[in-house]
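Q: Supplied in structure tokens, the structure appears directly below.
The values are calculated or read from the model by the stated rules, or taken from the named source; none is laboratory data. Keep in mind the model is a prediction, meaning the values are calculated, not measured. We place every Cβ from the backbone using ideal geometry, glycine too, and count neighbours over all the protein chains shown. SASA here: full protein model, heavy atoms, side chains in, ligands and nucleic acids out. Shrake-Rupley method; radii C 1.70, N 1.55, O 1.52, S 1.80 Å.
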Amino acid sequence: MIVERELEALFGQLAEQGFSMQDGLLPPELIEDLYEEGLRGWKDGLFQEARVGAAQRPQHIPAIRGDTIQWLEPHCGESGAQSRFLDWTETLRHQLNRAFYLGLQRSEFHFARYATGRGYARHLDQHRGQPHRRITLILYLTPDWRAGDGGELCLYDPRNPEKEWRRLLPEHGRLVLFRSELFPHAVRPARRPRWSVTGWFRSDEPPHPN
Ligand code: OGA
Ligand code: MN
């Protein structure tokens, strides 16, 4: 496996368990700029309620999925953080393909904001209508997240989805990657607004513009 030095630990865990976590991999300025751009988008009314269900008929059911989202776009936002992050994910996509032969052709990422009291019930990211999501990436943005703030990401055992396997705090700068088809997971209700960038590396081609 030929990967850049800094990704070795991340990819080692991913190879072994289909899941990996690393703190402080991305530059702190990038995390801060992303958080600022997320806040700006939120204040400017650019976020929309996230939906669940098949791609053809998505529904807004806040008791199941409580975040609001804004899709990242290159060249959007004043600080260029979205472009910088998307450039970094492109490098990561190539590295993932080289290491795991996943045939990842594209990716998609959104800011996610969970308001106080909101969470996301247990689910798989590769649900109906989304078979091409192969790797889930989550980067947590909220400064100073404490244990009492809740909002943990819970991962369940792929062989026994009733059994909790890991519970992680969404700590500032923490990066999580996992195989989208393997891990049922949930977000526990947050006690303060909880911010992340979340998205997927996909094995299908970009949709054709008409
Ligand atoms: C998702 C999701 C987990 C998290 O957006 O699909 O499961 O910790 N997010 O934000
Ligand atoms: Mn998910």
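Q: When residues of segment 27-59 are filtered for being more than 18 Å from the chain's Cα centre (by Cα), in a helix (DSSP H, G or I) and within 22 Å of ILE135 (Cβ to Cβ), how many remain?
A: So the answer is 0.
Q: Quick one: would you say PRO207 is modelled with pLDDT of 95 or more, of a type outside the set (Val, Ile, Thr) and out of contact with any Leu (no Cβ under 8 Å at 6 or more places or on another chain)?
A: So PRO207 does not fit the description; no.
Q: Pairs, please: C-beta under 7 Å, at least 6 apart or cross-chain, first residue free of Cβ contacts under 8 Å to residues at least 60 places away in the same chain and more than 17 Å from TYR35 (Cβ to Cβ) and in segment 156-176, second open to solvent by 60 Å² or more (accessible area, probe 1.4 Å) and not charged (D, E, K, R)?
A: From residues that are free of Cβ contacts under 8 Å to residues at least 60 places away in the same chain and more than 17 Å from TYR35 (Cβ to Cβ), the pairs are TYR156/TRP165; ASP157/TRP165.
Q: Pairs only if they're at least six apart or on different chains, beta carbon under 6 angstrom, first in segment 187-202 and farther than 12 Å from ARG174 by Cβ and open to solvent by 50 Å² or more (accessible area, probe 1.4 Å), second in a strand (DSSP E or B) and more than 8 Å from ligand 1 (Cβ to nearest atom); list them, first residue then second.
A: ARG188/GLY150; PRO189/GLY150; ARG191/GLY150
Q: So how many residues does segment 15-47 have that are within 19 Å of LEU86 (Cβ to Cβ), open to solvent by 30 Å² or more (accessible area, probe 1.4 Å) and charged (D, E, K, R)?
A: 5
Q: Next question, about the same structure. Those residues that are assigned to a strand (DSSP E or B) and open to solvent by less than 10 Å² (accessible area, probe 1.4 Å), I need them from segment 174-184; list them, please.
A: LEU175, VAL176, LEU177, PHE178
Q: When both residues are 6+ apart or on different chains and their Cβ atoms are under 6 Å apart, which pairs have a first residue that lies in segment 137-150 and is on the phi > 0 side of the Ramachandran plot, and a second that is surrounded by fewer than 21 Cβ atoms within 10 Å (Cβ to Cβ)?
A: GLY150/ARG188; GLY150/PRO189; GLY150/ARG191
Q: OK, next. Given TRP165, TRP145, which one is modelled with pLDDT of 95 or more, touching a His at 6+ places or on another chain (Cβ under 7 Å) and not hydroxyl-bearing (Ser, Thr, Tyr)?
A: Working: TRP165 fails: touching a His at 6+ places or on another chain (Cβ under 7 Å).
From the options TRP165, TRP145, the qualifying one is TRP145.
Q: If you don't mind, another one. Is at least one residue of segment 96-105 within 16 Å of ligand 2 (Cβ to nearest atom) and in contact with a Phe, Trp or Tyr (Cβ under 8 Å, 6 or more places away or on another chain)? Steps first, please.
A: Going through segment 96-105, the residues within 16 Å of ligand 2 (Cβ to nearest atom) turn out to be none.
The answer is no; no qualifying residue exists.
Q: Is it fair to say GLU171 is at pLDDT 95 or above and farther than 28 Å from GLY41 by Cβ? Break it down stepwise before answering.
A: Details: at pLDDT 95 or above: yes; farther than 28 Å from GLY41 by Cβ: no.
Judged against the criteria, GLU171 is not a match.
Q: If you don't mind, there's one more thing I want to ask. As an exercise: evaluate ARG51 against (1) open to solvent by 50 Å² or more (accessible area, probe 1.4 Å); (2) away from ligand 2 (no atom under 16 Å from the Cβ) and give the number of the one condition it does not meet.
A: Tallying (1) open to solvent by 50 Å² or more (accessible area, probe 1.4 Å); (2) away from ligand 2 (no atom under 16 Å from the Cβ), ARG51 fails exactly one: (2).
Q: Could you say which residue among LEU96, LEU86, LEU104, LEU124 is surrounded by 14 or more Cβ atoms within 10 Å (Cβ to Cβ) and within 14 Å of ligand 1 (Cβ to nearest atom)?
A: Criteria check complete, one pass: LEU124.
Q: Okay, next question. Would you list the strands (runs of 3 or more DSSP E) that sit entirely within segment 127-173 and hold 1 or more residues that are open to solvent by less than 10 Å² (accessible area, probe 1.4 Å)?
A: Hits in segment 127-173: 133-140, 153-157.
Q: Only one of these is closer than 21 Å to LEU153 by Cβ and without any contact (Cβ under 8 Å) to a residue 12 or more places away in the chain: GLN22, GLN17. Name it.
A: After applying the criteria, what remains is GLN17.
Q: Filter segment 1-26 for residues that are outside any helix (DSSP H, G or I) and more than 18 Å from ARG93 (Cα to Cα) and give the result.
A: Residues of segment 1-26 that are outside any helix (DSSP H, G or I), as a first pass: 1-4, 18-26.
Of everything in segment 1-26, those that are outside any helix (DSSP H, G or I) and more than 18 Å from ARG93 (Cα to Cα) turn out to be ASP23, GLY24.
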